[in-house]
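Worksheet: the structure to be examined is printed underneath.
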Amino acid sequence: MNTSEIQRVKQRYNIVGNSDGINHALDVALQVAPTDLSVLIVGESGVGKEIIPRVIHDNSPRRREKYFAINCGSIPEGTIDSELFGHEKGSFTGAINESEGYFGVANKGTIFLDEVGELPMATQARLLRVLETGEYIRVGGQEIRKTNVRIVAATNVNMRKAISEGRFREDLYYRLNTIPIQMPPLRDRGNDIILLFRLFAMQMAEKYHLPKITLTDDAKQLMLKYKWPGNVRQLKNITEQMSVLCDKREIDAETLLHYIPKDTESTQLATIAQPGQHSYESEREILYKILYELRGNVSDLRRDMNALRKQVEEQRDLSQVALTKQAEYGTALPSANTPYPQASPFTAPGNSVAQEAEAEEIKEPESLNLNDLGRQMVEKALERNGGNRKKAAQELGISDRTLYRRIKQYGLEDKEY
Ligand SMILES: Nc1ncnc2c1ncn2[C@@H]1O[C@H](COP(=O)(O)OP(=O)(O)OP(=O)(O)O)[C@@H](O)[C@H]1O
Ligand SMILES: [Mg+2]
């Protein structure tokens, strides 16, 4: 294992973790990168599969050519063939012009097929052909075209099960799975959990301009024992919520318990998965199946939209609570228009946030002076609610007592609304 190369990659892509599982996955990615072999990345939802194809492409001779990441689960069945392989003019209603498709455009480059288990059967047949011969035909076309594309695919579904149920072609699976890369579940990564928590705590402190949260020893123990069914994504979400919503900056086990699901199933001691046995075989897979079967249904779309809207609202709520907390900690930004620095992992090459998190030498975000922003927020909320403090506090997501303190602090006691 080339440890220094692996460290370089971690630093460049802001990947945090030092467990054998993550080091092994990166080692395989680096070894296979210079070849044209197809790679299949497998692992539960939220384990961090999406960075691997980028690492492979950037370390391959194709690095200066195109790279496309395509989420196979999000393209409607009716258009996926034309998106991937292009179409001829007039080949279907709406095909006003011809289109080259990803396989044409990405010639000499890399295509990352995310959620490859979701590909419809007809598309699977086309994909197998292009993988075996480099040939494909556009939708509605006759001409055989050639392309030279390296494929990296990822899935969080149990492919063997999909094959046995006739949802995925076995020959395609073997063709894609030339080199498998297994991303381990978070519960099997030991102290990586704490390192990742530090990374996210630091990112959220920057994002919301609040002091960074830390963990007490008992909270750390709980984190290490918890099963993390949603893996790194879940850890990130929980850290974000706690960063904004917790009044104390040091999180103890009791507080942490409020943010992790209460079922004994997931809080019990983590057990190491047996080879070939995947914990995602149960509910999540059933859910996927239902979603898959319902796809195309309008009510489904509406539900997706509602879920999306809820997410946006939740994010807005967090930002709003953060604004009021900034005033409390004196860390608010000078102007409401100043964008928050959005530290995102897996982005800016050279960014060393991840390393800082690992080194434990994390600086607290700069303390900024209290400004008008908090005051404006309070005033606006009071205005909108005709001076009703209870309603304004609810809208701001703070307690009545905190609002009262703010009103006094900003000298708004006598103001009429
Ligand atoms: N080792 C890591 N270091 C830093 N951030 C990570 C790491 N692993 C995952 N993340 C972050 O966790 C989140 C989930 O990762 P990602 O989207 O790659 O999951 P996934 O395996 O593709 O899940 P799904 O199968 O549900 O699509 C992302 O925000 C990612 O940036
Ligand atoms: Mg993904």
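Where a number appears in this text, it was derived from the coordinates with a stated rule and is not lab data. As the structure is a prediction and not an experimental result, all values here were calculated from the model. Quick reminder, even Gly has a Cβ in these numbers, built from the backbone with ideal geometry, and neighbours come from all protein chains shown.
Cβ-to-Cβ counts within 10 Å put Glu413, Glu83 in ascending order as Glu413, Glu83, the fewest first. Here the label points at Asn191 and Asp171, each 7 Å from Cα along the C-beta direction, are separated by 5.0 nm in the simple model. Each residue, Ile144 and Leu257, gets one label point 7 Å from its Cα in the Cβ direction; the gap between the two is 6.7 nm. Using the empirical formula 2.2 N^0.38 Å as the baseline, the Cα radius of gyration of segment 14-167 reaches a ratio of 1.09. Net length available on complete extension from Ser91 to Lys66 is 6.3 nm, with 0.36 nm assigned per residue and the Cα-Cα distance removed. When His87, His24 are sorted by how many other C-beta atoms sit within 10 angstrom of their C-beta, beginning with the fewest, the order is His24, His87. For the pair Lys225 and Glu416, the difference between a 0.36 nm per residue extended length and the Cα-Cα distance amounts to 63.5 nm.
Each label was represented as a point 7 Å from its Cα along the Cα-to-Cβ direction; for Arg160 and Thr133 these points are 3.2 nm apart.
The ranking of Tyr259, Tyr226, Tyr173 from fewest to most other beta carbons within 10 Å of each one's beta carbon is Tyr259, Tyr173, Tyr226. In a fully extended conformation the segment linking Met121 and Lys108 would gain 2.1 nm over its present Cα-Cα distance, using 0.36 nm per residue.
With a cut-off of 19 Å on the backbone N, the residues of segment 153-180 near the modelled label site 7 Å out from Gln31 along Cα-Cβ are 153, 176-180. DSSP loop chymotrypsin sites (Phe, Trp or Tyr not before Pro) in segment 50-115 with at most 14 other Cβ atoms within 10 Å of their Cβ, which ones? Filter output for segment 50-115: Phe92.
By the rule of a C-alpha distance below 20 Å, with chain neighbours fewer than 8 residues away ignored, the lysines paired with Lys89 are Lys146.
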